[in-house]
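The structure's right below; bear with me while I get my questions together.
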Amino acid sequence: MSLNTLFEVSEISRDEQSVSLQVNGDLTVDTSPQLKKMLNICFNQKLKRIHIMLDGVARMDSSGIATLVDGLRWSRSSDSHFVISGLTEAVYDLFVIAKLDSEFEILTEGSSQ
């Protein structure tokens, strides 16, 4: 069984200006190209807000982080709003260690979407 069958990126909601994507499975070197492809599509559609929900991600490696950093970089260059939410404690700790927690807009429970 391929590792990619354990990973899914699905569109939860969309309107003319925004999209919310749910990520399920480990975000690793094997799976991050799927998320990067979806982000590329979203930015090419000139969406103004992209929300990545990561509550289904238990494990993330440096490739997963790099994919999210790419999304953040793309959003800054296209004047879009890039938001992530639902980080598990382990995933959030990676952002803190990499000193990226202050770079990303990270929604927590109770934050407005």
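Please treat every number below as a calculation from the coordinates, not as lab data. In this text, all values refer to a predicted model and were calculated from it rather than measured experimentally. Positions of Cβ are backbone-derived with ideal geometry, glycine not excepted, and every protein chain shown enters the neighbour counts.
Is there any pair with a first residue in the range 50-74 that is touching a residue at least 40 places away in the same chain (Cβ under 8 Å) and a second that is of a type in the set (Ser, Thr, Tyr) whose Cβ atoms are under 6 Å apart and which are 6 or more apart or on different chains, and what are they?
Qualifying pairs under 6 Å: His51/Ser20; Met53/Ser85; Thr67/Ser32.
Please verify whether the range 43-64 includes one or more residues that are of a type in the set (A, V, I, L, M) and out of contact with any strand residue (DSSP E or B) (no Cβ under 8 Å at 6 or more places or on another chain). Before you say what the answer is, go through the steps one by one.
Of the residues in the range 43-64, the ones of a type in the set (A, V, I, L, M) are 47, 50, 52-54, 57-58, 60.
Next cut, out of contact with any strand residue (DSSP E or B) (no Cβ under 8 Å at 6 or more places or on another chain) only: 58.
Yes: the range 43-64 contains one or more residues that are of a type in the set (A, V, I, L, M) and out of contact with any strand residue (DSSP E or B) (no Cβ under 8 Å at 6 or more places or on another chain).
Pick from the range 56-113 the residues that are in a strand (DSSP E or B) and aliphatic (A, V, I, L, M): which of them is farthest from Gln45 (Cα to Cα)?
Going through the range 56-113, the residues in a strand (DSSP E or B) turn out to be 56, 60, 81-85, 105-107.
Those still in the list that are aliphatic (A, V, I, L, M) too: 60, 83-84, 106-107.
Working: Met60: 27, Val83: 17, Ile84: 19, Ile106: 23, Leu107: 24 Å.
Residue satisfying both the conditions and the ranking: Met60.
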